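As structure tokens, the structure follows; a few thoughts come after it.
Read-outs throughout are calculated quantities, based only on the coordinates presented, and are distinct from any laboratory measurement. None of the values given here were measured: they were computed from a predicted structure. No Cβ is skipped: glycine too gets one built from the backbone with ideal geometry, and neighbour counts run over all protein chains shown.
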Ligand SMILES: Cc1ncc(COP(=O)(O)O)c(C=O)c1O
């Protein structure tokens, strides 16, 4: 096969039938500026573990770790230990391993089975961690509507074999932050009562790059002494193409020595804490670019716009009598909704209709304790432009009208059955204020566009 033919064959197999920007399911970055893409292409053949290359990629990664440690209020950001990973899943795996190793050394190699306490709303990577490392997953049921893990129940579920409690800052299901501060307070009370002293890990895969900018008064991070580690996904609201994650520990004291390995066989001595050895450096470089390019003010502008957009969409969906909005983007820029029993159609029917207009909207069951509720979720990202958001609103309105027609045939159109279109519900953001591919505005314009 010639190179051209092989290229064409692969293209033909893969040609995505959904434009990444129309994928409402994913939290993953689906657009970066050309300069960031160029940097990634230029460093395509570089490896994070190359010790001999002239560029100091390990230094860049360390600067990113220090920036995140600072953002998350680590006591001494410059001495915080952390690493880049392939994504949050690997970061969570490392956080879990650190807690497991520390528990082993605390209990002098106890033969009892360790456990990890978390809610049923955690990402599947935590089930993986427990399965792969033979840790009992103690899962606390959650109620619908954003309360997340119950702090008291979580604290009472701990015992001397608990390696840690996981809290999620922005669940994958509905985007709600779990109450990290209250969980820590409940654990403090438990510790004072009977000495059960358990560290907390915050899975901030998405929220780690949202809450510091939009909810600065919310105390969820290293300001809480019980929080020993935090992860985030560079490739979600960190705004880097996949795959990049970060794990940061509050200080070297909570990182077991067994987790770090020192090598010199790629030239230059280096220490790694990752599960895999070779990894592309390009996403780390793109992260560094985004930190320089956006700065804290830029990130704030971008995530504020995403949340505003999501809240506008939620307000629109609230006016559709058949729909019940579960999450209105009060936390992550995510809208989750289901249908009322009387609707006569399901969110899956709605997703099928939207699919014909090019949108991919996921529908799934809520965690096991509410598994009879099927929800749809819309994740608002930076590259959901205002034009696209208006189109989405109109396509939802058209789909609901069509589903009503399917359901009721000639049922008369009462006023309450009229679906407002995007032109009736003003999307509050001006067109064109996106960063990255597809957006026309420069950072200054974005910041100016949202600043008071
Ligand atoms: C809360 C949470 N944790 C972990 C993950 C896994 O992240 P990644 O896809 O970066 O491995 C996700 C992914 O959506 C998530 O939402």
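Using a/c under 1.5 as the rounded threshold, could you call region 170-220 rounded, prolate or oblate? The axes a ≥ b ≥ c are square roots of the C-alpha gyration tensor eigenvalues, and prolate needs a/b larger than b/c, oblate otherwise. Each step should come with its number before you reach the end.
Working: a/c = 2.95, a/b = 2.17, b/c = 1.36.
It comes out prolate by the Cα gyration axes.
Let me know the shape class of region 133-210, please: from the alpha-carbon gyration tensor, a ≥ b ≥ c as square roots of the eigenvalues, rounded when a/c is under 1.5, otherwise prolate if a/b is greater than b/c, or oblate. Don't jump to the answer; show the numbers that get you there.
Details: a/c = 1.79, a/b = 1.60, b/c = 1.12.
Judged from the Cα gyration tensor, region 133-210 comes out prolate (a/c at least 1.5, a/b above b/c).
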For this session: Normalising by the residue count of region 34-290, find the relative contact order in percent from Cα pairs under 8 Å and 6+ residues apart.
Result: 30
For this session: Just rank 40, 209, 101, fewest to most, by other beta-carbon atoms within 10 angstrom.
Result: 101, 40, 209
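With 10 angstrom as the radius, rank 167, 398, 172 by how many other C-beta atoms surround their C-beta, starting from the fewest.
Exposure proxy ranking, most exposed first: 398, 172, 167.
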For this session: Determine the relative contact order of region 234-367: mean sequence separation of Cα pairs under 8 Å and six or more apart, normalised by residue count, in whole percent.
Result: 13
Seminar exercise, completed: With 0.36 nm assigned to each residue of separation and the Cα-Cα distance removed, residue 401 to residue 124 gains 96.1 nm
For this session: Using R₀ = 41 Å, calculate the FRET efficiency as 1/(1 + (r/R₀)^6) where r is the Cβ-Cβ separation of residue 319 and residue 371; round to 0.05.
Result: 0.90
Problem set entry | Label-to-label distance, nm, for residues given as residue 394 and residue 251 (7 Å Cα→Cβ offset) | 5.8
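Just the number, please: percent antiparallel of the DSSP beta bridges in region 34-290, rounded to the nearest 5.
On the way: 14 of 30 bridges.
Antiparallel bridges make up about 45 percent of those DSSP assigns within region 34-290.
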Seminar exercise, completed: Looks like region 31-146, by Cα gyration tensor root eigenvalues a ≥ b ≥ c and the a/c under 1.5 rounded cutoff (else prolate when a/b is bigger than b/c, oblate otherwise), is prolate
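Contour minus end-to-end for residue 47 and residue 278, with contour as 0.36 nm per residue of separation and end-to-end as the Cα-Cα distance? Don't jump to the answer; show the numbers that get you there.
Values: separation 231, 0.36 × 231 = 83.16 nm, distance 0.62 nm.
The residue 47-residue 278 span can extend by a further 82.5 nm.
Between residue 143 and residue 106, how high is the FRET efficiency from 1/(1 + (r/R0)^6) when r is the Cβ-Cβ distance and R₀ = 51 Å? Nearest 0.05.
Numbers: r = 33 Å, r/R0 = 0.65.
After rounding to 0.05, the efficiency reads 0.95.
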Problem set entry | Dimensionless Rg/Rh of region 34-290 - Kirkwood Rh, Rg from C-alpha atoms | 0.97
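If you rank 327, 346, 108 by fewest surrounding Cβ atoms within 10 Å, what's the result?
Values: 327 24, 346 16, 108 6.
Ordered from fewest to most neighbouring Cβ atoms within 10 Å, 327, 346, 108 come out as 108, 346, 327.
Could you tell me the calculated FRET efficiency between residue 196 and residue 364, based on Cβ-Cβ distance and R0 = 45 angstrom, to the nearest 0.05? If you can, show how the numbers build up before the last one.
Numbers: r = 35 Å, r/R0 = 0.78.
Working from the Cβ atoms, E equals 0.80.
Give me the percent relative contact order of region 310-390, please, defined on Cα pairs under 8 angstrom at least 6 residues apart. Intermediate results must be reported in sequence, preceding the final value.
Values: 118 pairs, mean separation 20.1, N = 81.
That works out to 25 percent.
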Problem set entry | Contour excess over end-to-end distance, with Cα ends at residue 356 and residue 342 and 0.36 nm allotted per residue | 2.6 nm
